[in-house]
Amino acid sequence: MRLEWAKIGQTRNQRWCLSVLSGLLNGAAFIDFGILSLIANVPLLFALYRSPSATETAGLGGLVGLLAGFHIYGIAHYGWFLLLAFGLYTASQMVVYALLFRYLWGRGQAWLDVLLPANLWALSEWIRTVGPVCMPASYVGNIADVGVLNPWLRLAAFAGGLGVSWLMALVGGLFFHWAVGQSQHRRWAIRFALGWLIVGVLGGLNGPTPGGQPVKVAAVQAGLANAMYAAAEADSGAQRDIVKVFESLTKRAYAHDVDLVLWPETAIRAPVLTDENLGHRLFPPAGSRSHLLAGVIETDREGRRYNAVAVVGPGGRRGDVYRKTRLVPGIESHFTAGETIHPLTVGQLKIGVLICLESVYPDAARRLVAQGANVLMVASNDAGFGRSPITHHMLNRAVVRAVETGRGLIRVGQAGVTRLIRPDGTIDGTLELFVPDILVDTMQARTQLTTYVRWGNWWLYIVLMLVSLSAFPRRSPSINARVNEM
Amino acid sequence: MTDDESQRRSIFQQWTTWAVIAIVSWFGYLASRAYTELTDRTSIQGLFRVYDRPFQGSYGSVVDPRPWTTVDILTKRFGVRGGGPQLPSTPKAWCDWLSAAQIACRVVDQASEADNALRLRFVPGQSEPHLWLGRFGLNHVFFVPGEGVTLSAGLPPAATILRLPELREAPW
């Protein structure tokens, strides 16, 4: 006897078990197996489908969010309360997801039901990008390094990362409706599955056009633990060690005769821009063709401190400065936020700089490219997350930014991971975590604008429209009645 | 209950059992992995030296572990030459060595709170003196031989203190 999908979740214990399984799958997709994003919510959908009450529905959804949220345990490096807060935050989103599913499923037309799980998921992801702390968890981030899904990832240039997450969430919804739905649902599930495959083929064919002015870059990765910076605050010997590491690696980078030498976020926490001795040791020598993009702490005349990336030309000539506009609440309260997002200019080249958390927000990279950035750089220090999966996911979010904007992107991590990402999301070079080294490679300075850069999160409006349409009653009023009909 | 129903229930029970086993195994793995990563004590191979993780040492929080001797730190960090004091390791032997390396040293009974000069502190029971490096907020920063650079609100009592007023180091 084969398993009857439509009967799954009939008992209470089964439903809670399914909910736990969904939490596990979402978590596993985040930390190790990105491809699980395709089916992670399927057990939850079975559970919600059979749930007899709104209270249980909310609980089932909340449990998924809570368990999935705990997989982002690397955040506990900054305090256990943050992990708990994050778990509760994701739980609250999944409560909304579950309740909306309960009240909207079966109200509208069958094709809207089939799209509903993807629509609700996309909404929950979008909510995570609103507010002062953009949480890194997303399906597009999960699958950014899954080679077989690269054709769909490339569609981020068209519909943004949110659109790709929607496509990933769609698969689970299709499977669920194929498994339990009425014949109408099944027909739509099969049609959408075909559509899903077709857009994947189109995505694979529609990569970024080759070309662009080559820019030779060298990224400096010191490979230090944050403990070393903490020691340097108290002990000048540790500070000198850090300077010595950067001095050695940076000089090695200049020797490669590159256009740009890139430092990570707050690489040296000493007055690099104003101390003559430090400048002499660290800045591009006169006659060099290299420009340094230095991740530093900049102090202005009023004593305000900024987390900044400054351009320094040959002979120490100071150029443009970008100051981080989105500071991490609490952790970076000793900094003042910069006022504007703008690309840095080096000759004809415009470099869009994102500092750490800023790379998680989709809009910052888009605005930089819309202002003319030819290449993107993410200056980061993920040492605080250690070897936990957050580091890996932050890296994947940089991949998404590259594809969305159609720009080559170099991510420079103080401890790592440093990586050069092509506009189609493929990887060109990598320095692993806690390895001191330089990454020398060539990027292409590009000028074409992707649909995402031109139109932004237009996919969100489609999603909102579809969810609104789902709310118009066309069939029976309650989910239980609807389920019993089947 | 029909045969069909009982068979179906049995299949569900099997699936549920396997799902529960998978779930429990996964969360066991996750907890173990999280614990390992969050309490990671692995040393990092740096460009010029190995960085060990901070730990709670004998006299305070060791923020920059270096299993060096006091002679090592004076030699490597301050460029003091001459190979170290004669044995036995008495304050006089240390002072003689430093004087020979053109570094003035003077025995003091007690260092004042305002005194920022580097000093060697001979703690009873220690074969080598501690090197007091400065202050960080309310904490003292000092080197403990065999452990590394340590932060502590208080200092262990010293039998003898050698003040090294000419020993200076650049801030970076």
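See the values below:
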{"read-out": "Test result for A:Val220, crowded, with 17+ Cβ neighbours inside 10 Å, of a type in the set (Val, Ile, Thr) and either farther than 30 Å from A:Thr266 by Cβ or within 14 Å of another protein chain (Cβ to nearest Cβ) (or both)", "value": "yes"}
{"read-out": "Considering residues of region A:231-273 that are assigned to a loop (DSSP other than H, G, I, E, B) and of a type in the set (Asp, Glu) only, the residue farthest from the other protein chains (Cβ to nearest Cβ)", "value": "A:Asp259"}
{"read-out": "Residue list for region A:41-67, filter: aliphatic (A, V, I, L, M) and within 11 Å of chain B (Cβ to nearest Cβ)", "value": "A:Leu67"}
{"read-out": "All positions within region A:274-292 that are more than 36 Å from the chain's Cα centre (by Cα) and outside any loop (DSSP other than H, G, I, E, B)", "value": "A:Glu276, A:Asn277, A:His280"}
{"read-out": "Which listed residue is farther than 17 Å from A:Ile410 by Cα and modelled with pLDDT under 95, from A:Arg387, A:Arg367", "value": "A:Arg387"}
{"read-out": "All positions within region A:22-31 that are more than 16 Å from A:Tyr97 (Cα to Cα) and either crowded, with 24+ Cβ neighbours inside 10 Å or more than 10 Å from every other protein chain (Cβ to nearest Cβ) (or both)", "value": "A:Leu24, A:Leu25, A:Gly27, A:Ala29, A:Phe30"}
{"read-out": "Check on B:Ala117, closer than 30 Å to A:Pro436 by Cα and surrounded by 14 or more Cβ atoms within 10 Å (Cβ to Cβ)", "value": "no"}
{"read-out": "Of all residues making up region B:119-151, the number that are within 11 Å of chain A (Cβ to nearest Cβ) and of a type outside the set (Val, Ile, Thr)", "value": "12"}
{"read-out": "Matching option when the condition is facing another protein chain (nearest Cβ under 9 Å), out of contact with any His (no Cβ under 7 Å at 6 or more places or on another chain) and surrounded by 12 or more Cβ atoms within 10 Å (Cβ to Cβ), among B:Asp64, B:Asp72", "value": "B:Asp64"}
{"read-out": "Filter result for A:Ile355 (in contact with a Lys or Arg (Cβ under 6 Å, 6 or more places away or on another chain) and touching a residue at least 40 places away in the same chain (Cβ under 8 Å))", "value": "yes"}
{"read-out": "Test: residue in region A:33-40 that is touching a helix residue (DSSP H, G or I) at 6+ places or on another chain (Cβ under 9 Å), at pLDDT below 95, surrounded by fewer than 23 Cβ atoms within 10 Å (Cβ to Cβ) and within 14 Å of chain B (Cβ to nearest Cβ)", "value": "yes"}
{"read-out": "Enumeration of residues in region A:345-381 that are assigned to a strand (DSSP E or B) and crowded, with 23+ Cβ neighbours inside 10 Å", "value": "A:Ile351, A:Gly352, A:Val353, A:Leu354, A:Ile355, A:Val375, A:Leu376, A:Met377, A:Val378, A:Ala379, A:Ser380"}
{"read-out": "Long-range neighbours under 6 Å by Cβ, at least six apart or interchain, first residue of a type in the set (Gly, Ala, Ser) within region A:195-218, second in a strand (DSSP E or B)", "value": "A:Gly212/A:Gln444; A:Gly212/A:Ala445; A:Ala218/A:Val261; A:Ala218/A:Ile438; A:Ala218/A:Val440"}
{"read-out": "Failed condition for A:Arg301, given (1) surrounded by 15 or more Cβ atoms within 10 Å (Cβ to Cβ); (2) in a loop (DSSP other than H, G, I, E, B)", "value": "(1)"}
{"read-out": "Among residues of region A:93-123, those that are polar (S, T, N, Q) and in contact with a helix residue (DSSP H, G or I) (Cβ under 7 Å, 6 or more places away or on another chain), counted", "value": "2"}
{"read-out": "Condition met for A:Ile127 (free of Cβ contacts under 8 Å to residues at least 40 places away in the same chain and hydrophobic (A, V, I, L, M, F, W, C))", "value": "yes"}
{"read-out": "Residue identified as surrounded by fewer than 20 Cβ atoms within 10 Å (Cβ to Cβ) and over 28 Å from A:Ser290 (Cβ atoms) among A:Glu404, A:Glu332", "value": "A:Glu332"}
{"read-out": "Count - residues of region A:68-91 that are away from chain B (no Cβ under 12 Å), buried (at least 24 other Cβ atoms within 10 Å of the Cβ) and not polar (S, T, N, Q)", "value": "1"}
{"read-out": "Subset of region B:12-67 [part of a strand (DSSP E or B) and aliphatic (A, V, I, L, M)]", "value": "B:Ile44, B:Val50, B:Val62, B:Val63"}
{"read-out": "Some residue of region A:342-349 being touching an Asp or Glu at 6+ places or on another chain (Cβ under 6 Å), over 19 Å from A:Met443 (Cβ atoms) and not polar (S, T, N, Q)", "value": "no"}
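The values are calculated or read from the model by the stated rules, or taken from the named source; none is laboratory data. Remember, it's a predicted structure, so these values are computed and weren't measured experimentally. For neighbour counting, all protein chains shown are included, and Cβ atoms are generated from backbone atoms with ideal geometry for every residue, glycine included.
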